[in-house]
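Below is one structure, written out as structure tokens, with a few remarks after it.
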Amino acid sequence: MIYPVILCGGSGTRLWPLSRKSFPKQFVPLVDNKSLLQLTLERVVQINGSGPIPEVICVASEDHRFLVAEAMQAAKVKGQIILEPIARNTAPAMALAALQLAPQDLLLFCPSDHHIPDAQAFAAMVQQGSHAACQGAIVTFGVVPSFPSAAYGYIEQGTASGDGSFGVARFIEKPNADKAQALILQGNVLWNAGIFLVQASTLLEAMQQHAGDILQSCQQAMAQAAQDQQFVRPEPEAFTACRADSIDYAVLERHEKVAVVPFSGAWSDVGSWNAVADLSPPDDQGNRIDGHGLAVQSQRTYIHAPHRVVVTLGTQDLLVIDTPDALLVAASSHAEQVKSVVAQLEARKSPEASLHRKVARPWGCYDSIDHGPRFQVKRITVRPGAKLSLQKHHHRAEHWIIVSGTALVTKGNETFLLTEDQSTYIPIGETHRLENPGKTDLEMIEVQSGSYLGEDDIVRFEDTYGRMEQSR
């Protein structure tokens with residue numbers, strides 16, 4: 001049986017403002033109201049055909065642990081989540097997963113943010129590479145190029161094997177436009193998809209040979225790992241000391257036994273807004289609309305407008321990305337430069353560079369819908385059965401108004417229920433907690449008032465979600 005390992009790292013800055021560091025693109029619902037991570041999970045559990053459904057391992061950031069858990073629940077997938085205390089690129093992430101499983105296990109490593117619509121073709125590709133992987137090769141998968149892209153690395157195919165795989169002649173860095181055109185004309189190159197199939201023992205032996213320091217740090221971290229239900233936490237100090245490196249640089253480019261299997265199906269790493277636009281069908285003028293957009297006398301314009309009406313008039317080759325707190329208007333030719341925009345926003349210390357107005361929390365989410373001097377208004381959603389930590393504030397009072405659902409409120413020594421259209425007042429310094437005892441989402445408007453409304457004005461008496469829980 002093949003065990004899927006989903007690599008959930010990455011900040012997704014090329015899809016700003018929809019994707020941000022606190023909510024990267026793999027968690028954003030981009031296709032049929034599903035996230036790329038959920039679609040990946042649904043796809044990988046089919047790789048063993050009619051055989052048993054494997055448990056999945058996800059390797060993710062501690063900050064995103066509940067986003068991963070929710071995606072696994074939505075995909076109806078079971079498994080473990082290895083939580084990296086700090087990002088260290090793909091080589092350490094893959095080592096952590098290999099150390100968590102048995103040496104003879106066959107592991108399929110997949111990025112969490114790729115879109116591959118044909119799950120059966122994907123499963124057939126994986127099965128085609130299983131023979132070479134069982135014979136001790138590190139198998140990578142390359143996508144047959146459909147155009148000369150400068151956004152992807154390339155793999156040059158070597159000698160064909162009888163099992164459908166090829167040797168790897170060389171790995172090629174992301175080329176410029178002219179070099180990409182020459183590579184396509186060469187005819188024996190593939191886009192590097194960053195998907196790997198390998199036995200755990202093979203990967204660990206290769207890392208011992210080429211990146212022994214990384215392996216040693218990961219071994220130390222996993223030897224002292226703590227497990228909390230489905231979460232596996234490597235020992236932070238040992239893992240933080242690990243060198244950051246990609247599996248390509250650390251191992252593949254120096255390893256002798258590497259094979260590649262071509263994939264001719266549809267594939268996208270959804271790495272730019274042009275790639276996102278391609279997920280929507282064009283109209284007669286080449287315009288693509290997602291949401292409430294209207295393109296008037298426009299050509300080859302993409303509008304992402306999930307919240308309000310956005311109109312373009314007389315535009316050409318334009319990307320318009322609208323979110324509640326930030327708007328991106330870019331020429332299609334500059335889609336790859338969005339990452340540099342985020343860097344400039346970070347330099348200006350703009351919170352919109354990394355934070356959404358709507359913030360996911362372990363218990364649900366909150367949306368900061370208005371604020372001003374001495375007040376702030378939030379719409380809070382609490383999932384069924386979830387609760388916030390018992391807490392109080394030194395500088396702010398809160399009014400809670402229930403929009404829908406049922407709230408179990410703790411206020412001082414009182415505990416009582418509130419339902420739709422009912423409200424309560426939490427004075428400054430009052431101990432309080434909010435819970436959802438119902439079977440549907442609890443929606444609530446919270447009006448904060450006071451001399452200081454910062455997120456750090458909190459005293460927490462009971463930490464419902466463990467040591468990494470944060471206030472709202």
Problem set entry | Shape of the chain, Cα gyration tensor, a/c cut at 1.5 | oblate
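What is the Cα convex hull volume of segment 273-361 when expressed per residue in Å³?
Details: hull volume 9.3 nm³, N = 89.
Taking the convex hull of the Cα positions in segment 273-361, it is 104 Å³ per residue.
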Seminar exercise, completed: Probe 1.4 Å, heavy atoms of protein chains only: per residue, the accessible area of the chain in Å² is 45 Å²
Exercise. Using alpha carbon centroids, what distance separates segment 213-273 and segment 53-70, in Å?
Worked result: 15 Å
Problem set entry | Nearest-20 debye value, the chain charge dipole, Cβ charges on Lys, Arg, Asp, Glu | 340 debye
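Just from its helices, what would the mean residue ellipticity at 222 nm be for the chain, if runs of 4 or more DSSP H residues each count -39500 (n - 2.57) and the sum is divided by every residue, rounded to the nearest 500 deg cm²/dmol? Don't skip to the end; give the middle numbers.
On the way: 11 runs with 103 residues, N = 472.
Only helices count here, giving -6500 deg cm²/dmol.
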Problem set entry | Residue among Thr312, Gln337, Leu390 farthest towards the positive dipole end of the chain, charges placed on Cβ | Leu390
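Would you mind telling me the share, in percent, of accessible area of segment 31-113 contributed by carbon and sulfur at probe 1.4 angstrom? Please list the in-between numbers first.
Values: 1500 of 3080 Å².
The C+S portion of the solvent-accessible surface of segment 31-113 is 49 percent.
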For this session: Give the whole-number value, in cubic angstrom per residue, of the convex hull volume spanned by the C-alpha atoms of segment 245-308.
Result: 130 Å³
Exercise. Check Gly79: other-chain or 5+ apart residues with amide H under 5 Å from its amide H, H built from backbone geometry?
Worked result: Val56
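Once a ≥ b ≥ c are taken as the square roots of the eigenvalues of the Cα gyration tensor of segment 350-472, is the result rounded (a/c under 1.5), prolate (a/b larger than b/c) or oblate (a/b not larger than b/c)? All intermediate terms of the calculation are to be shown ahead of the outcome.
Numbers: a/c = 1.30, a/b = 1.19, b/c = 1.09.
Rounded.
Under the 0.36 nm per residue contour assumption, what length would be gained going from the current alpha-carbon distance of Gln73 and Ala160 to full extension?
Values: separation 87, 0.36 × 87 = 31.32 nm, distance 4.07 nm.
Difference between extended and current length: 27.3 nm.
How many percent of the accessible area of segment 146-302 is carbon or sulfur, using a 1.4 Å probe? It would help to have the intermediate numbers written out before the result.
Details: 3450 of 7470 Å².
After summing per-atom areas, the C and S share lands at 46 percent.
Which of rounded, prolate or oblate describes segment 26-159 when judged by the alpha-carbon gyration tensor and an a/c cut-off of 1.5? Intermediate values should be presented prior to the final figure.
On the way: a/c = 1.33, a/b = 1.19, b/c = 1.12.
Here segment 26-159 falls in the rounded category.
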Seminar exercise, completed: The relative contact order of segment 68-171, taking Cα pairs under 8 Å that sit 6 or more residues apart, comes to a percentage of 15 percent
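For segment 313-360, which whole percent of the accessible surface, found with a 1.4 angstrom probe, sits on carbon and sulfur atoms?
On the way: 1530 of 2750 Å².
In segment 313-360, the share of accessible area belonging to carbon and sulfur is 56 percent.
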Exercise. Given H placed 1.01 Å from N in the peptide plane, which residues other than close sequence neighbours of Gly438 have an amide H under 5 Å from its amide H?
Worked result: Gly385, Thr406
Problem set entry | Magnitude of the charge dipole, segment 206-283, Cβ model with Lys/Arg +1 and Asp/Glu -1, debye to 20 | 240 debye
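The values are calculated or read from the model by the stated rules, or taken from the named source; none is laboratory data. Remember, predicted model here, so these are calculated numbers, not experimental data. Methodologically, a virtual Cβ is constructed for each residue, glycine included, from the backbone with ideal geometry; neighbour enumeration extends over all protein chains shown. For the accessible areas, the whole protein counts, side chains as well, though only heavy atoms, and no ligand, DNA or RNA atoms are used. Shrake-Rupley method; radii C 1.70, N 1.55, O 1.52, S 1.80 Å.
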